[in-house]
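Working notes, beginning with the structure itself.
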Amino acid sequence: MKKSIFYFLASTVLFYSCTNDDDIDDVEVIAPATYTFERGGESTVSFSGQTTRILMSQELIDGLKDTSKSEEDLDGMFTNTGDKFSDADLNASSKNIRSKTAASADFFSSNTTEANAIKADFDSWIAAQVNDVYPNWDVDAVAGTAGKIQEAGGGSTRYVNAKGLELNQAVNKSLIGALMVDQMLNNYLGTAVLDAGTNVVDNDAETVAEGKSYTTMEHKWDEAFGYLYGTDDATSPALGADSFLNKYLARVENDADYAGIAQSVYDAFKLGRAAIVAKNYEIRDEQAEIIREEISKVIAVRAIYYLQQGKAALDGGDYGSAFHDLSEGFGFIYSLQFTRQSNTTSPYFTKVEVDAFIAQLMADNGFWNVTAETLDSISEDIADAFGLTVAQAGS
C-alpha cells in the first residue's frame, strides 16, 4: 500500500519516504512550501503562547535600560505579576517568562537544583541592574565601579556593572538559551513531550485536542516553532523580527560561512510537522535532530564571534565597544548549557563547564582586565566542541 500526503501539490519542496512500518508500508511525507497546515479548511497551526513570551521578554529587556523602573517593576515583568507591562494583553495573559526559564522536560524536570540556580541568576542580574547600575547612570565607569562608558568615535553609551558587564545584555542573550533554545530543543521537540500520554494514539486517530483544530502532538511541534518564528511571518520568515533567537539566526545566516542555515531550520520544521500529520515519527525525530544541531550551532557561533570582536576592541583601546561585545558573548556562553548534541540527551557544555567559562571572564575586575589569551582559549574550546573554527565564527 502506498499513501501520499499532499498539502500544496504545486509547490512541494521537500520529500521523504521510508518502508519500515507495519501499518504504513511506504509513506511519502511531503512538506509544504510554507509552514501552513490545515484540517477541514481550518488552520491547525498555533503558537500564540510563544509569541506572548517573546513580547514579554522584549518589554523586560527594554525595561532594564529604563532607570524609572524599580526592581519590583522588572521582577513583575519576569513573573507577569502586578500588571507591569505597558501592553494590557500581556498583563492579562496567563503566561510568564520565569516559569519557562530552564524548565524543559529533558534537562530540568528531574534537576530542579540547576533550574532554580539558573532562575536565581536572572533574579540577581535584574536586582543588580536596579541596585548597582541605575544609581551610577551618570557616573563614569572604572574598574570596580559601575557606571557609563561610551564607545569610541562618539558611539553608543553602555551601562555596566563594576566588572564591565552590561546586565541587560546578560539577561537578553541568556534568555535566548534558557527560554527559547531550552524550550525548543529540550522540551517541545523531545519525545517526552511529543509522545506524552495518549499523544501518539490521538495523533494516529487524528483526534484533536478539545475545542481545537489540531492534535496535541501537532501543537507541541508548533510551540517549538513559535519560539523561533513567533514574531515573524511564519509563511515567509524575514528573520530579525525580535531581539532573541530569530535575530541571531539571521546574523549567522548572513555570515557567508554559514549561509543556508536558516533554510535548513525552516525546512526541518516543515518536514517534521508534515511527518506528524503523516504519522511518521521516525522522520519527525530526524528533523528534530537537524533543528537541534543547527540551532545549537547558532549559539556557539555567536559566542565565539562576540569574544573575538571584544578581543579586537580591547586591543584597540575601545573599552565601550569591547564591553558591549563581551557582554553579548557572556550571554551566549551562558546559553551553551541549553544546547543539545545530536542524538543524545546532553548539552555541548554542562552548567559546570559554563560556570567555569563565566568565572574566567569575571575574575578579578572582569572585562577590565580579561586577557586576549583567556578569550582565545574559551573560543577554541567552544569551536572544538562544535567542529567549528574560530577564524570563521569570529569574523
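Numbers below:
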| quantity | calculated |
| --- | --- |
| Surface per residue (accessible, 1.4 Å probe) for the chain, Å² | 39 Å² |
| Structure-based [θ]222 nm, the chain - -39500 (n - 2.57) summed over DSSP H runs of at least 4, per residue, nearest 500 | -15500 deg cm²/dmol |
| Accessible surface of the stretch 223-294 [probe 1.4 Å, protein heavy atoms]: carbon and sulfur percent | 43 percent |
| Net +/- balance of residues flanking Ala385 in space, Cβ distance below 14 Å, scoring K and R +1, D and E -1 | -3 |
| Neighbourhood net charge (14 Å Cβ-Cβ; Lys/Arg +1, Asp/Glu -1) for Ser94 | +2 |
| Inter-part distance where the stretch 311-365 and the stretch 26-62 are each reduced to a Cα centre, Å | 31 Å |
| Compactness of the chain, expressed as Rg and Dmax over alpha-carbon positions, Å | 21.9, 75 |
| Proximal lysines to Lys297, defined as alpha-carbon separation beneath 18 angstrom and excluding residues fewer than eight positions away on the same chain | Lys173, Lys247, Lys351 |
| Relative contact order [Cα under 8 Å, 6+ residues apart], the stretch 38-394, whole percent | 17 percent |
| Within-12-Å neighbourhood charge of Thr374 [Cβ basis; K, R +1; D, E -1] | -4 |
| Cα centroid separation - the stretch 226-300 against the stretch 182-212, whole Å | 19 Å |
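The values are calculated or read from the model by the stated rules, or taken from the named source; none is laboratory data. Note that the coordinates shown come from a computational prediction; the quantities given were computed from them, not determined experimentally. Cβ coordinates were reconstructed from backbone atoms using ideal geometry, including for glycine residues, and neighbour counts include every protein chain displayed. These area figures cover heavy atoms from the full protein model, side chains too; ligands, DNA and RNA do not enter into them. Shrake-Rupley method; radii C 1.70, N 1.55, O 1.52, S 1.80 Å.
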